[in-house]
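The values are calculated or read from the model by the stated rules, or taken from the named source; none is laboratory data. Predicted model, so just to flag it, every value in this text is computed and none were measured. Cβ placement follows ideal geometry from the backbone for every residue including glycine, while neighbour counts extend to all protein chains displayed. For accessibility, only protein heavy atoms count, side chains too; no ligands or nucleic acids. Shrake-Rupley method; radii C 1.70, N 1.55, O 1.52, S 1.80 Å.
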Amino acid sequence: MEAEIKGQLEVIKSRAVELISEEELAKKLAGSLRYNRPLKIKLGVDPTAPDIHLGHCVVLEKLREFQDLGHVAILIIGDYTARIGDPSGRSEARPLLKPEEIERNARTYVEQVFKILDEDKTRILFNSQWLEPLKLEDIILLSSKFTLARLLERDDFQKRFRSGLPISLLEFLYPIMQAYDSVAIGADVELGGTEQKFNLLVGRDLQREYGQEPQIILTMPLLVGTDGVNKMSKSLGNYIGVSEEPQEIFGKVMSIPDSVIIDYLELTTDLDPQEILRLKKGMDEGSLNPGDVKRMLSRKIVQRFYSEEKAREAEREFNQIFRDHELPSHIPELFLSSVIDLSDGKIWIVQLLRKAGLANTNSEARRLVEQGGVKINGETVADVELELNQDQLKRSILQVGKRRFVRLI
RNA sequence: GGGGGAGUGCCCGAGUGGCCAAAGGGAGCAGACUGUAAAUCUGCCGGCGAAGCCUACGGAGGUUCAAAUCCUUCCUCCCCCA
């Protein structure tokens, strides 16, 4: 049994940033093995963004590992807490969500999450179930267990406090509510990104208050977004969604700065650390082309959510467009008749770009033309005033930039 | 309750009467180059069929030939004192 515990600990600790605490976890694991009782691994999710992206996957993957070790994942959809909004890592309060939005987001979330989790070993709970019935009296009791000093310990609160930025009372309630989730389900372990550390710790405090054994907390690194600067997030638009098309995922991974390739290898693939180290060395010494490493990474990521075949296809497609500057295999088509006003049979290039959805405003379309970013059948359009008639456009291919194409039919 | 400060373009942030569609940075977009949608460099980056015009610096009024900049008032936020 000793060996089994050790083995599990190894798996659990891999890639994690912090484990509080290893001894307690070992004890819990021992109990779990002895009584054949799986541990309850909690992960709270905020139904604020309707798409799961690679950043979420880091934590979800860890949860999956727990499942594979025989434990049960408890996914808590923060449908109630979402009304408050988690202030973690934010410099300002988040806008409130409407109940309908929350519901819609939660549904998408659940759909996507099983790309990673084992459905049979997952329980999904909505925290409105126990938070909604709370009376003011209960909340007063709950808040009596915390002090301002304790809550202000939190890094982002402290920063905001010091720099004179507002902290809503509501936001103080958030960690308390999240902690109450742990009490409600009797969590053994709670997972989260590093920015969640404080909230997770509050869970321990509250569980103790309620006479429960405090949960173990395990924090995972945050994945940086495609911009290579900020953490991956939907709202920053630097994310790679697990439900995106293979081609899109491949391309987005190829667009990450070389400087974060290693991070991605570590956090989004199952490559062993030795291998990653070898790749890093290779790139540092110049014996490996980062572009090639990134290709491999992109392939692995696509493969993870689709298949090896799809990954290969995506790469072929990528090479075709970006390396060989050829046309993609699939080009969206647009009926000329829906674009051209038949009365005069002609259309201005700027209008055409807008109608084809390749530019949002005339100004944007003008700019694209002026900067030489627009091509028709491979020929750069040089004149902003260019007018085209139906015959010229029939079966032609309109291209903006390197990667946006429309076939006119 | 009293005193002080702040609100600028997608974000951060400079600007305190005309030279301001507003410095600088980031993001984004386009071009060049390439090893990739990397890095680097260059350009663009409110809208309008664009000469010019319109909209814009928290909201509403006002002063002025002229306001992001001055005045009044309202809203929001922050700090200090109590």
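Gain on full extension, evaluated as 0.36 nm per residue between A:Asp68 and A:Glu100 minus their Cα-Cα distance, stands at 8.1 nm.
What residue among A:Tyr264, A:Tyr80, A:Tyr210 has the largest mean-square fluctuation in a Gaussian network model of chain A, using Cα springs under 10 Å? The residue that fluctuates most here is A:Tyr210.
By the rule of a C-alpha distance below 18 Å, with chain neighbours fewer than 8 residues away ignored, the aspartates and glutamates paired with A:Lys281 are A:Asp258, A:Asp263, A:Glu266, A:Asp272, A:Asp292.
Identify the residues of the range A:364-385 with backbone N under 13 Å of a label point that sits 7 angstrom from the Cα of A:Leu327 along the Cα-to-Cβ direction, or state none. Once the point is set 7 Å along Cα→Cβ of A:Leu327, A:376-379 turn out to lie under 13 Å by backbone N, inside the range A:364-385. Taken about its Cα centre, the range A:246-323 carries a charge dipole of about 180 debye when Lys and Arg each add +1 at the Cβ and Asp and Glu each add -1 at the Cβ. Taking 0.36 nm per residue of sequence separation and removing the Cα-Cα distance, the A:Ser144/A:Glu370 pair yields an extension gain of 74.9 nm. Entry note, the range A:2-220: relative contact order of 27 percent, from Cα contacts under 8 Å with a spacing of 6+ residues. Within chain A, antiparallel bridges make up roughly 45 percent of the DSSP beta bridges whose residues both belong there. Separation of the alpha carbons by more than 23 angstrom is noted, of A:Lys6/A:Lys300; A:Lys197/A:Lys231; A:Lys40/A:Lys62, for A:Lys6/A:Lys300. Across the accessible surface of chain A, with the other protein chains kept in place and a 1.4 Å probe, carbon and sulfur atoms take up 50 percent.
Determine the calculated [θ] at 222 nm for chain A from helices alone, applying -39500 (n - 2.57) to every DSSP H run no shorter than 4 residues and normalising by the residue count; nearest 500 deg cm²/dmol.
-13500 deg cm²/dmol
Compactness of chain A is given as radius of gyration and Dmax, 25.8, 83 Å, from Cα positions. As a ratio to 2.2 N^0.38 Å, the alpha-carbon radius of gyration for the range A:301-409 is 1.21. Relative contact order of the range A:303-409: 27 percent, from C-alpha pairs under 8 Å at least 6 residues apart in sequence. The residues packed around A:Val224, meaning those with a beta-carbon under 14 Å from its beta-carbon, carry a net charge of -3 if Lys and Arg are +1 and Asp and Glu are -1.
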